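Everything below concerns the one structure shown next.
The values are calculated or read from the model by the stated rules, or taken from the named source; none is laboratory data. Everything numeric in this text was worked out from a predicted model, so none of it was measured. Cβ placement follows ideal geometry from the backbone for every residue including glycine, while neighbour counts extend to all protein chains displayed.
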Ligand code: 2M8
């Protein structure tokens, strides 16, 4: 066969694998769909998680505007009076022993005068605000597709805009009483990167008191307990929850007495990027001029705050422990916060990219795929199979890919997209992956993984969204799970 023919065959194989992955991703989202919202994963996470829903909406946008919009609107039905969007909205139909700490553990949050009516119960923590980014993506996808989705998307933006504004206002006030532009978190669960070494030093200072015995339902749903946080981690998590409950979920009381108060650099960068998206939404819905000024000021303040947490030696940003009054020195993906925030100087961008591609991250020689481990293998406390202490997370890859595109780094973004897709084709739509072997870890059929896969598949290398109708039809190919071939590799070499 001529080399030209070879190339055609190879490309077709890759497209076949892509079509198959798209079909599988659609199937996962359908299977986890509860009608108006989506379970984060079928067994391990049977409830609605806040930032999972944002990424899920990005995937759903390619399958239908109305359902994507509904995902976010359902979440925001449970927004607190303060503007807070709870990190979990509990599914009243989930069996009582399916997730711990479940709704009964958080029922007290409903007693807060700021809580929404219950049931369903919500937690009183929050998670990074990827929602405005998702809402804008729903609009962009609908606009590119054309048709009736455009009007639906416009109506959706009008509906969600004031809720998003309230949510961001909450973060810029209650969570930043210092006016630093940086968000304070009360619990590692709020960061979304729960057991990351980012929090080791701050957690060490938390003295755990008496705790009643508690179950670890999560361990039933993973192949090996080492994939989840340890008992000592959970003791601290539950102790912090106990203190937050004792403070009546009241922000000022928590701020006064809580032992874990940290300026989260990645959360803060996501706020900046989400405020950029909100500014675009404000323009699309014709918001008042005062809103534009307010949001632009939040963005400026966010950049200032992030600049103050830059560590020139590591070429990364660091979290800041308010209780200890010092930065938390750990090399994790959160360090790429300025890349996520966007609009960096050429010099800062180059330093970030050098760090990203160094042997501390995607250039590490043992990696199965050139995608960033959640924690650098060079960082003390790195564990390649343990949750946020080393494994690679597709949703983080998506965030960095999207950030690279926004920074004008389309070739790098394309390489990251391709490696991430290869990982999913070979490994499956798992929660996270061993960075050295590519083995699927944590939950199977994780919704946000399926969602970002759909978004990647619908997006060309240059970053433009492509029409998705044909690609996202169910493929005629067999599903590859635990396969050993590398069908997308052909695209790389063709
Ligand atoms: C993980 O967090 C929950 C607690 O919120 C857990 O481990 O039980 C994290 O990966 C978090 O970022 C994610 O939103 C959640 C659901 O996927 O799972």
Original post:
So, in region 358-378, of the ones that are in contact with a strand residue (DSSP E or B) (Cβ under 7 Å, 6 or more places away or on another chain) and touching a residue at least 60 places away in the same chain (Cβ under 8 Å), which residue ends up farthest from the ligand (Cβ to nearest atom)?
Top reply: 371
Subject >> In region 40-86, the residues that are assigned to a loop (DSSP other than H, G, I, E, B), within 12 Å of the ligand (Cβ to nearest atom) and within 29 Å of residue 251 (Cβ to Cβ) >> reply: 40, 45, 46, 47, 86
Subject >> Residues (part of a loop (DSSP other than H, G, I, E, B) and either over 16 Å from residue 48 (Cα atoms) or within 15 Å of the ligand (Cβ to nearest atom) (or both)) located in region 114-127 >> reply: 114, 115, 117, 121, 123, 124, 125, 126, 127
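Would you be able to say whether some residue in region 128-146 is part of a loop (DSSP other than H, G, I, E, B), more than 16 Å from the ligand (Cβ to nearest atom) and at negative phi? Steps first, answer last, please.
We begin by selecting, within region 128-146, every residue part of a loop (DSSP other than H, G, I, E, B); these are 128-130, 146.
Within this subset, residues satisfying the condition of being more than 16 Å from the ligand (Cβ to nearest atom) are 146.
Those still in the list that are at negative phi too: none.
Taking every residue of region 128-146 in turn, none turns out to be part of a loop (DSSP other than H, G, I, E, B), more than 16 Å from the ligand (Cβ to nearest atom) and at negative phi.
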**OP:** Return only the number of the condition from (1) in contact (Cβ under 8 Å) with a residue 24 or more places away in the chain; (2) out of contact with any helix residue (DSSP H, G or I) (no Cβ under 7 Å at 6 or more places or on another chain); (3) away from the ligand (no atom under 14 Å from the Cβ); (4) over 21 Å from residue 163 (Cα atoms) that residue 35 does not satisfy.
**Re:** (1)
**OP:** Would you mention how many residues in region 95-105 are touching a helix residue (DSSP H, G or I) at 6+ places or on another chain (Cβ under 8 Å) and either without any contact (Cβ under 8 Å) to a residue 60 or more places away in the chain or assigned to a loop (DSSP other than H, G, I, E, B) (or both)?
**Re:** 6
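Pick from region 176-192 the residues that are away from the ligand (no atom under 16 Å from the Cβ) and within 19 Å of the chain's Cα centre (by Cα): which of them is farthest from residue 309 (Cα to Cα)?
Filtering region 176-192 for residues away from the ligand (no atom under 16 Å from the Cβ) gives 176-182, 184.
Of the ones still in play, those that are also within 19 Å of the chain's Cα centre (by Cα) are 182, 184.
Working: 182: 10, 184: 13 Å.
If we take residues in region 176-192 being away from the ligand (no atom under 16 Å from the Cβ) and within 19 Å of the chain's Cα centre (by Cα), then 184 is farthest from residue 309 (Cα to Cα).
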Original post:
Can you name the residue in region 26-37 that is in contact with a strand residue (DSSP E or B) (Cβ under 7 Å, 6 or more places away or on another chain) and not in a helix (DSSP H, G or I) and is also nearest to residue 76 (Cα to Cα) among such residues?
Top reply: 37
Original post:
Do we find a residue being more than 24 Å from the chain's Cα centre (by Cα), more than 29 Å from residue 180 (Cβ to Cβ), modelled with pLDDT of 95 or more and not in a helix (DSSP H, G or I) anywhere in region 282-299?
Top reply: yes
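Looking only at region 192-219, count every residue that is touching a residue at least 12 places away in the same chain (Cβ under 8 Å) and not in a loop (DSSP other than H, G, I, E, B) and tell me the total. Steps first, please.
Step one: list which residues in region 192-219 are touching a residue at least 12 places away in the same chain (Cβ under 8 Å), which gives 192-203, 205-209, 211, 214-218.
From what's left, not in a loop (DSSP other than H, G, I, E, B): 197-203, 217-218.
Qualifying residue count, region 192-219: 9.
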Original post:
If only one of 211, 261, 243 is within 30 Å of residue 341 (Cα to Cα) and more than 14 Å from the ligand (Cβ to nearest atom), which one is it?
Top reply: 261
